[in-house]
Amino acid sequence: MGDGSKISRRAFGAGAAGLAALGATRASAKPAKPKTIATGKPFILTTWEFGPGANAIGWPMLASGASAIDAVETAINHVELLGDYWVGAGGVPNEVGETTLDAMIMWGPTHDAGAVGCLKRVKRAISVARKVMEETQHSLIVGDDATRFAARMGFTETSLTSVVSQQAWDKWAATGAKTTAFDPEPIASADKLVGHDTVGSIALDAAGNLCVGCSTNGREFKIPGRVGDSPIIGAGAYCDQAVGAAVATGNGDVMMRFLPTYHVVELMRGGMEPQAAAEATIQRIVDAGYQIDGGIAVIRRDGVHGGAKTGWADTPFSYSVQTATGNVTVPVS
Ligand code: SD4
């Protein structure tokens, strides 16, 4: 966990040589005026049944003045290390039995973001994503190179396989089953995916800074190397300091084609209420003919929130929001 003080990326293109290379027009352009944004009433929103537990970790931090980025990272680390099958280490093996992780973090004040895709052998994926954001000019690092990057940043390499993930893979492989990733797109018939999940958290701190993060181990028996929507900015998560933030969950292979978290934030920027914006965003996917399980949770910076889903007839998707008045869990219908 970081201390919240090191949230800006190294200055881009610093130095006369960099400016000269950009030419006179760019070099003489006025720097953008920083937006003044009122401080807010802190909140933390977390998806799925992880919500109350993760919020109970992140909220006291916000209440005592911590940065939104520390609250989001800590809340998500808590879920990543729970040993839950659907998020983090020890769950959702790929086609060859390995668990790999996708995660992203985005910081409102600078619109900076960091992400890892198909991260192997490192447990706290959201923390590695934060290092990508804070220590490099990059936004997304993937695969074994993400593992090497993590090691360079001081993370320990360890197996992400657990007894549960090994047994799940052994059982699946013993049936001779094949990955569903070669099946036709879930358009003419409903998606048969059952095994997938993600945790997403959004926080606003007392200083008015907004942050969003998400972490997942993707979908069961995926083709090795597959990266889902979670580390794709505007797909798995997105925030805009002036408007609000959103997180997504569900069939990321399809959802990333619609950039739903970017879309919903832009709808709110245009004046749509959070609940209506969430519904319109999911409807866009449905209108394109996709029959998937998927959902989003969204919160405007004034704390008004909403959620929408498609599919998941028997799976209760929910999100939880904690503020000074307590935690509420909102079932999404
Ligand atoms: C993925 N969107 O990798 C994630 C999985 C998920 O509910 O959230 N499932 O596709």
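For the range 164-210, the share of alpha carbon pairs falling in successive 10 Å distance bins from zero is 17, 30, 24, 15, 14, 1 percent.
Within the listed set Asp112, Asp70, Asp314, the residue fluctuating most in the Gaussian network model of the chain (springs between alpha-carbon atoms under 10 angstrom) is Asp314. Hydrodynamic radius of the chain by the Kirkwood approach over all distinct alpha-carbon pairs: 20.0 Å. Per residue, the range 43-331 exposes 36 Å² of solvent-accessible protein surface, assessed with a 1.4 angstrom probe and all protein chains in place. Looking at the range 201-289, the pairs of alpha carbons with a distance over 20 Å make up 37% of the total. Bridge orientation summary for the range 74-144: considering DSSP beta bridges with both residues in this region, about 65 percent are antiparallel.
Let me know the charge dipole size of the range 43-331 about its Cα centre in debye, to the nearest 20, where only the beta-carbon of Lys, Arg (+1) and Asp, Glu (-1) is charged. Can you show the working numbers first?
Numbers: 20 positive and 31 negative charges, 56 e Å.
Approximately 280 debye in magnitude.
In the chain, which longest range has no trypsin sites (Lys or Arg not before Pro) that are both DSSP loop (not H, G, I, E or B) and surrounded by at most 10 other Cβ atoms within 10 Å? It runs 36-191.
Run the accessible area of the chain with a 1.4 Å probe and give the carbon-and-sulfur part as a rounded percent. It would help to have the intermediate numbers written out before the result.
On the way: 8180 of 14290 Å².
Whole-percent figure for carbon plus sulfur exposure: 57.
Would you work out which of Thr110, Ile285, Ala235 lies farthest towards the positive end of the dipole of the chain? Charges go on Cβ: Lys and Arg +1, Asp and Glu -1. Projecting each Cα onto the dipole axis, the largest value belongs to Thr110. Cβ under 15 Å from Lys178's Cβ, Lys178 left aside: what net charge do those residues give with Lys, Arg +1 and Asp, Glu -1? With Lys, Arg at +1 and Asp, Glu at -1, the neighbours total +2.
The spread of Cα positions in the range 155-256, taken along each principal axis and listed from longest to shortest, comes to 54, 42, 19 Å. Pair-distance distribution of the range 233-333: all C-alpha pairs, bin width 10 Å, starting at 0; shares per bin in whole percent are 17, 52, 28, 3, 0.
Spin-label model, Thr175 to Val304: label points 7 Å out along the Cα-to-beta-carbon direction sit 4.6 nm apart. Note: relative contact order over the range 43-331, using C-alpha pairs below 8 Å and six or more positions apart, is 23 percent.
Karplus-derived 3J(HN,Hα) values for the range 288-293, using 6.51 cos²θ - 1.76 cosθ + 1.60 with θ = phi - 60°, are 7, x, 6, 10, 10, 8 Hz; glycine and proline are entered as x.
If exposed means no more than 16 neighbouring beta carbons inside 10 Å and the site is in a DSSP loop, what's the longest run of the chain without any exposed chymotrypsin sites (Phe, Trp or Tyr not before Pro)? Don't skip to the answer; put the middle values down first.
Working: sites that count: Phe12, Trp312.
Counting at most 16 other Cβ atoms within 10 Å as exposed, the longest clean stretch of the chain is 13-311.
Within the listed set Gly250, Gly53, Gly117, the residue fluctuating most in the Gaussian network model of the chain (springs between alpha-carbon atoms under 10 angstrom) is Gly53.
Taking 0.36 nm per residue of sequence separation and removing the Cα-Cα distance, the Gln137/Thr156 pair yields an extension gain of 4.6 nm.
Considering only Thr74, Thr180, Thr249, the Gaussian network model of the chain with Cα springs below 10 Å gives its largest mean-square fluctuation to Thr180.
Cα-Cα pairs above 24 Å in the range 41-178: how many percent? I get 36 percent for the Cα pairs in the range 41-178 exceeding 24 Å.
The values are calculated or read from the model by the stated rules, or taken from the named source; none is laboratory data. Bear in mind the structure is a predicted one, so any value in this text is a computation, not a measurement. Counting neighbours? That spans all protein chains shown, and the Cβs are built from the backbone with ideal geometry, glycine included. Heads up: the accessible areas ignore ligands, DNA and RNA and are worked out on the full protein's heavy atoms, side chains in. Shrake-Rupley method; radii C 1.70, N 1.55, O 1.52, S 1.80 Å.
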